[in-house]
Amino acid sequence: MRRPLVAANWKMHGGPDAAAKFVEVMVARFGDDPSREVVVCPPFTALPAAAMIASGSAIAVGGQNCHWEDKGAFTGEVAASMLVELGLRWVIVGHSERRQYFGETDATAAGRARAAQRAGLSVIYCLGETLEKREAGETLAVLERQSAVLAGLDAGGLAVAYEPVWAIGTGRTATAAQAEEAHAFLRGRIGGLLGTDAAAALRILYGGSVKADNAAELLGQEDVDGALVGGASLDAETFSAIIRCAPGFTARRE
Ligand code: 13P
């Protein structure tokens with residue numbers, strides 16, 4: 001049984017005050033419920049405040065990126081160990097916006113993920129096809145290529161996020177069937193790379209226009225083990241509603 005993982009990717013939104021207030025709500029609502037894993041990933045400047053509020057609860061705070069080297073002359077970058085020092089447990093790696101705007105490749109994303117795991121962080125590794133590739137019928141080929149680097153990672157500290165690029169921030173969600181097809185393919189593929197036991201235990205999250213009104217159907221799919229939520233995670237009520245769609249949730253305190 002895979003424990004659902006629901007993560008908020010705030011992207012470049014929100015400062016320390018907003019993140020601290022948001023995490024406070026998450027701690028009060030979900031902080032003592034072991035049936036779900038909730039991860040909040042605000043921008044770097046908000047991480048210390050968010051981590052302080054989350055400390056000691058089941059709510060985890062994560063970064064949105066880290067560098068592939070442990071330290072050095074890399075202006076503007078942040079090392080995984082620096083995130084660990086703040087008390088973080090997770091980091092997002094390989095997001096399509098990093099691939100699209102910042103030259104991220106499979107190789108650099110894999111380097112970042114390895115560095116994160118070396119430092120003791122768990123990784124949410126993102127992949128997904130563009131609209132052009134989907135329309136060309138190449139979705140599974142893209143996923144096969146992008147996932148090859150997962151062979152070099154430790155399955156224990158890994159979750160994979162399938163985020164079709166055409167569904168990110170567009171309001172155009174993958175159908176539950178499209179998501180399930182991609183997730184089932186990825187699980188089989190990861191079974192070949194990391195072993196079937198590891199693949200069976202690995203959480204594969206869906207990301208791309210997840211909202212309160214489509215989360216239940218997406219999260220109800222057999223191979224969809226959680227969500228990586230962008231825009232709809234900025235509001236605590238909406239994000240809470242999405243978390244409650246993860247199967248088996250029992251709220252103790254509201
Ligand atoms: P949206 O939920 O805003 O589509 O973003 C998805 C995403 O990129 C999460 O990482």
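Readers should treat all values here as calculations from the given coordinates under stated rules, not as data from a laboratory. Since this is a predicted model, take the numbers as computed values, not measurements. Positions of Cβ are backbone-derived with ideal geometry, glycine not excepted, and every protein chain shown enters the neighbour counts.
Between residues in the stretch 202-231 that are more than 21 Å from Lys11 (Cβ to Cβ) and in contact (Cβ under 8 Å) with a residue 60 or more places away in the chain and residues that are among the basic types (Lys, Arg) and part of a strand (DSSP E or B), which pairs lie under 8 Å by C-beta distance while being six or more apart or on different chains? Here the result reads Asp225/Arg203, each pair linking the stretch 202-231 to a residue that is among the basic types (Lys, Arg) and part of a strand (DSSP E or B). Residues that are touching a Lys or Arg at 6+ places or on another chain (Cβ under 8 Å) and on the phi > 0 side of the Ramachandran plot within the stretch 69-95 comprise just one, Gly94.
For the stretch 187-215, name all the residues that are among the aliphatic types (A, V, I, L, M) and within 16 Å of the ligand (Cβ to nearest atom). If you could, list the steps in order and put the result at the bottom.
Of all residues in the stretch 187-215, those among the aliphatic types (A, V, I, L, M) come to 190, 193-194, 198-202, 204-205, 210, 212, 215.
Matches in the stretch 187-215: Ile204, Leu205, Val210, Ala212, Ala215.
Residues are listed down the side, and each one gets a yes or a no for (1) within 19 Å of the chain's Cα centre (by Cα); (2) among the hydroxyl-bearing types (Ser, Thr, Tyr); (3) within 27 Å of Ala80 (Cα to Cα):
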site: Leu143; (1), (2), (3): yes, no, yes
site: Leu153; (1), (2), (3): yes, no, yes
site: Gly156; (1), (2), (3): yes, no, yes
site: Ala161; (1), (2), (3): yes, no, yes
site: Ile168; (1), (2), (3): yes, no, yes
site: Gly171; (1), (2), (3): yes, no, no
site: Ala177; (1), (2), (3): no, no, no
site: Ala182; (1), (2), (3): yes, no, no
site: Arg187; (1), (2), (3): yes, no, yes
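What helices (runs of 4 or more DSSP H) lie completely within the stretch 12-117 and have 3 or more residues being surrounded by 23 or more Cβ atoms within 10 Å (Cβ to Cβ)? Outline the logic, then answer.
Working: elements: 16-30, 47-54, 80-85, 96-101.
Once the helices (runs of 4 or more DSSP H) in the stretch 12-117 are filtered for at least 3 residues that are surrounded by 23 or more Cβ atoms within 10 Å (Cβ to Cβ), what remains is 16-30, 47-54.
In the stretch 155-176, the residues that are away from the ligand (no atom under 12 Å from the Cβ) form Cβ pairs under 7 Å with partners that are outside any strand (DSSP E or B) and not aliphatic (A, V, I, L, M), at six or more places apart or across chains, as follows: Gly157/Gln117; Ala176/Glu217; Ala176/Gln221.
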